[in-house]
Structure formats: C-alpha cells, structure tokens
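Take a look at the structure below.
Nothing in this text is a laboratory measurement; each read-out follows from the coordinates by a stated rule. What you see is a predicted model, and the numbers here were worked out from it, not measured in a lab. A quick note on method: Cβ atoms are made from the backbone with ideal geometry, for glycine too, and the neighbour counts reach across all protein chains shown.
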Amino acid sequence: MLIGRIRDADGVHWVDRDRSLLEDPFAALAAGRAPAVSGPRIEGEQLPAVDPTVIVGIAQNGPSHPSPVQAWLKSPRTVVASGTEVVLRRDAGAAVAEGEICVVMGAATAGLTVENAHEYVLGITAVNDLSSPDRSEADPRNFESKSGVGYTPLGTWIDTDAGIDDVVLTVAVDGVRVAETGSRELPMTIRECLAYVALWTPLGPGDLVMTGAPHSQAPVGPGQTVTIRVAGVELVTPLV
C-alpha cells in the first residue's frame with residue numbers, strides 16, 4: 001500500500017492513498033500487520049514521507065576501492081516534499097540530480113542482518129540526492145557537495161509493498177527519461193547496505209537510507225524539472 005503524511009489544523013496524520021486516516025504504521029509493523037484505516041478522509045498539506053532523525057547516504061564503490069560500500073550522513077533539515085522548488089547553489093559548481101531508492105526504516109536496527117533486513121523496513125520511497133560534484137575534490141566527506149537548502153527532495157508516499165530486492169528506478173529531466181535502472185544494478189545489494197550501516201550505527205523508525213545512484217545521475221540547472229519514480233512513488237522537483 002501507499003502511505004503518507006498530511007498536516008491539517010489538528011496536526012500531522014498518517015493517511016493512505018485515498019487520504020483516509022491510518023493508525024501509526026510503525027506500531028502496526030511492530031505488531032506484524034499493515035496499518036489499518038482509523039478515520040475518515042482528510043484534506044491538508046502533503047508532507048515528505050517521513051520526518052527522519054538520521055539520513056544515511058551510501059557510496060557504492062568500485063572494485064578498486066578498499067571498501068565496497070561506505071556510508072555518510074546528510075542533514076535531515078535538507079528534506080523537502082515532492083513539488084517543492086529547490087534553489088540550486090550558485091557557489092558550488094555544477095549541479096547533479098541523483099535518483100535513488102530510499103529505504104524507510106520501520107524499527108530499531110539492533111539485530112539487523114543481510115538475511116532479515118526486510119523485517120526492519122517500513123517501505124520504499126524516492127529521493128533526489130542533489131549534489132555539487134565539483135566540491136568533492138576539496139571535500140571527500142561529502143559535506144559541501146551534498147549540502148544546500150532543500151537538497152534532499154523526498155517522495156510524499158512510502159510504498160510498503162515494494163520489497164528491497166528488486167526495485168525499479170527511473171529518472172527524467174524535463175520529461176525526457178535519462179535513466180531506467182533499479183536495485184539490481186547496485187554493486188552492493190540493499191540488504192548488504194542496510195547490514196553495513198546497522199553494524200556501525202543504530203537507526204530507528206523513520207530514519208532513511210539512500211542506497212546510491214545506479215547509473216541514475218543527470219546534470220541539471222535552474223529552470224529544469226527532475227522526475228524520479230521509485231516503485232509506486234513519483235517525486236517531482238522543479239529547480240530554480
């Protein structure tokens with residue numbers, strides 16, 4: 001199912017695709033079931049899929065690198081919802097959109113392994129890891145190259161049925177498809193990425209793991225619109 005968040009005068013609520021109120025999906029996952037409808041349809045502002053405490057980015061390294069996978073952190077304050085205009089930095093060189101499969105964690109990661117990783121996942125959404133690759137030479141830690149107001153556009157829906165083993169990803173710029181790929185093109189599987197992250201740091205419900213860009217990068221500039229589709233989630237980002 002597709003689940004998301006809406007804010008109205010009474011606060012922030014979980015909803016299904018029809019915008020009917022849902023119970024807390026993290027509590028439902030802990031109980032081993034899908035979130036149940038708990039109220040009527042509501043109207044309001046569609047928010048990013050989650051409000052994460054931690055965002056982990058994955059660097060999918062080549063065979064010559066001493067580590068096949070690495071992780072880095074991105075500020076949760078850079079998250080914006082689909083449809084939000086993002087002002088590209090003018091002081092960081094060229095801009096690149098990176099379409100990525102984003103894992104929404106559903107539970108604390110203590111005990112997570114390659115084999116059981118799916119049990120800790122609430123679902124999948126789309127993320128645009130906007131980047132300034134020219135900064136990478138001076139800043140290998142990705143702080144400057146991945147920073148910027150609104151530089152983490154996030155889908156407004158979570159696909160709880162997508163799984164983590166075979167997820168389709170497409171990227172289009174101004175309506176022209178520039179990438180058609182998916183999780184099977186990642187050098188390290190999503191399961192392996194999650195197990196690596198869990199080995200080194202704890203994550204919890206609502207935290208995000210951006211799993212890397214499997215040949216899904218595209219140079220972009222002001223005036224263009226990037227559309228990323230991951231499983232059943234579409235993410236649209238107008239750039240200015």
Quick one: which residues, 5 or more positions from Gly182 or on another chain, have an amide H under 5 Å from its amide H? H modelled 1.01 Å from N in the peptide plane, none for Pro or chain starts.
-> Leu169
Counting Lys and Arg as +1 and Asp and Glu as -1, each charge on the Cβ, what is the dipole of the range 1-47 about the Cα centre in debye, to the nearest 20?
-> 160 debye
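Nothing charged except the Cβ atoms of Lys and Arg (+1) and of Asp and Glu (-1): what's the magnitude of the dipole of the chain about its Cα centre? Round to the nearest 20 debye. The partial results should precede the final answer.
Working: 17 positive and 30 negative charges, 55 e Å.
Once rounded to the nearest 20, the dipole reads 260 debye.
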Among Asp51, Asp207, Asp139, residue whose mean-square fluctuation peaks in a GNM of the chain (springs only between Cα atoms under 10 Å) | Asp139
Rg/Rg_globular for the range 48-238, with Rg_globular taken as 2.2 N^0.38 Å and Rg from C-alpha atoms | 0.94
Which loop GluC sites (Glu not before Pro) in the range 96-181, with loop taken from DSSP, have no more than 10 other Cβ atoms within 10 angstrom of their Cβ?
-> Glu115, Glu137
Dipole of the chain, positive direction: furthest Cα of Thr189, Trp157, Val87, with charges on the beta-carbon | Val87
Just for the chain, what percent of DSSP beta bridges are antiparallel, to the closest 5?
-> 90 percent
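Report the relative contact order of the range 48-238, percent, no decimals, based on alpha-carbon pairs under 8 angstrom and at least 6 residues apart.
On the way: 508 pairs, mean separation 63.7, N = 191.
That works out to 33 percent.
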How big is the charge dipole of the range 144-237 about its Cα centre, in debye rounded to the nearest 20, if each Lys and Arg gets +1 on its Cβ and each Asp and Glu gets -1 on its Cβ?
-> 160 debye
Any idea how far apart Ala94 and Asp8 come out in nm if each label point goes 7 Å out from Cα toward Cβ?
-> 4.7 nm
With the label point 7 Å along the Cα-to-beta-carbon line of Ala138 and a cut-off under 18 Å to each amide N, the hits in the range 60-93 are 89-93
Rank by packing, highest mean first: peptides 105-114, 170-179, with packing defined as the count of other Cβ atoms within 10 Å averaged across residues.
-> 105-114, 170-179
By how many nm would the segment from Val87 to Glu45 lengthen if fully extended, with 0.36 nm per residue of separation less the alpha-carbon distance?
-> 13.0 nm
How far apart, in nm, are two points set 7 Å out from the Cα along the Cα-to-Cβ line at Glu119 and at Arg77?
-> 3.8 nm
Using a 10 Å cut-off on Cβ atoms, rank the peptides 226-234, 72-80 from the highest mean neighbour count down.
-> 226-234, 72-80
